[in-house]
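Shown next, in structure tokens, is the structure this report addresses.
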Amino acid sequence: MNPEPSPASGSDDYLSRLNEAQRQAVTHGTGVSAGGMASSPLLVIAGAGSGKTNTLAHRVAHLIASGADPRRILLLTFSRRASVEMTRRVERICKTVLGDKAGSLADALAWAGTFHSIGARMLRE
């Protein structure tokens, strides 16, 4: 198996802003590992101000740019403010990477929100 192709732009310039650990977290599991096996689960633990939000936004954008259906991505945060900010960042990165192909991701990221809002939505549905 070959690793998945780079996002549509053919360039990983949007990853250049990340440090090595962040870049590994963003690209983890989107291809085949060096040993030829599928990647294992990933847990990111980092302190305040270390770039977790930026890394997660890049991770979601990278998944979308690599062909993942944004309607199947669950993006949870603790506060409404963080949820809006995270969604905005994902949309901005996707527009940079995908250009005109990005379209409107506002509706596509249907499962982005707070733990409480997504939980309430699941109970209602």
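Quick check on this structure: which one of VAL60, VAL26 is within 30 Å of MET122 (Cβ to Cβ), in contact with a strand residue (DSSP E or B) (Cβ under 7 Å, 6 or more places away or on another chain), assigned to a helix (DSSP H, G or I) and modelled with pLDDT of 90 or more?
VAL60
Filter segment 49-64 down to residues that are surrounded by fewer than 19 Cβ atoms within 10 Å (Cβ to Cβ) and in contact (Cβ under 8 Å) with a residue 12 or more places away in the chain and give me whichever is farthest from LEU98 (Cα to Cα).
GLY51
Scan segment 94-118 and report the pairs whose first residue is within 15 Å of PRO70 (Cβ to Cβ) and assigned to a helix (DSSP H, G or I) and whose second residue is among the charged types (D, E, K, R) and modelled with pLDDT of 70 or more, with Cβ atoms within less than 8 Å and a gap of 6+ or a chain change.
Short answer, once both residue conditions are applied: ALA102/GLU91; ALA102/LYS95.
Which condition number does ALA106 fail, the rest of (1) open to solvent by less than 40 Å² (accessible area, probe 1.4 Å); (2) of a type in the set (A, V, I, L, M, F, W, C); (3) at pLDDT below 85 being met?
Condition (1) is where ALA106 drops out.
Test of understanding: among GLY67, GLY99, GLY113, GLY119, which residue is open to solvent by 60 Å² or more (accessible area, probe 1.4 Å) and not hydroxyl-bearing (Ser, Thr, Tyr)?
Among GLY67, GLY99, GLY113, GLY119, only GLY67 is open to solvent by 60 Å² or more (accessible area, probe 1.4 Å) and not hydroxyl-bearing (Ser, Thr, Tyr).
From the set of residues in segment 9-23 that are surrounded by fewer than 15 Cβ atoms within 10 Å (Cβ to Cβ) and at negative phi, which is modelled with the lowest pLDDT?
SER9
If VAL84 satisfies every condition in (1) within 19 Å of GLY113 (Cα to Cα); (2) of a type in the set (A, V, I, L, M, F, W, C); (3) at pLDDT below 90 but one, which is the exception?
It is condition (3) that VAL84 fails.
Of all residues in segment 71-82, count the ones that are assigned to a helix (DSSP H, G or I) and surrounded by 20 or more Cβ atoms within 10 Å (Cβ to Cβ).
The qualifying residues number 0.
Assess whether MET86 counts as being closer than 21 Å to GLY29 by Cβ and in a helix (DSSP H, G or I).
yes
The values are calculated or read from the model by the stated rules, or taken from the named source; none is laboratory data. Just so it is clear, the structure is predicted and the values come from calculations on it, not from any experiment. No Cβ is skipped: glycine too gets one built from the backbone with ideal geometry, and neighbour counts run over all protein chains shown. SASA here: full protein model, heavy atoms, side chains in, ligands and nucleic acids out. Shrake-Rupley method; radii C 1.70, N 1.55, O 1.52, S 1.80 Å.
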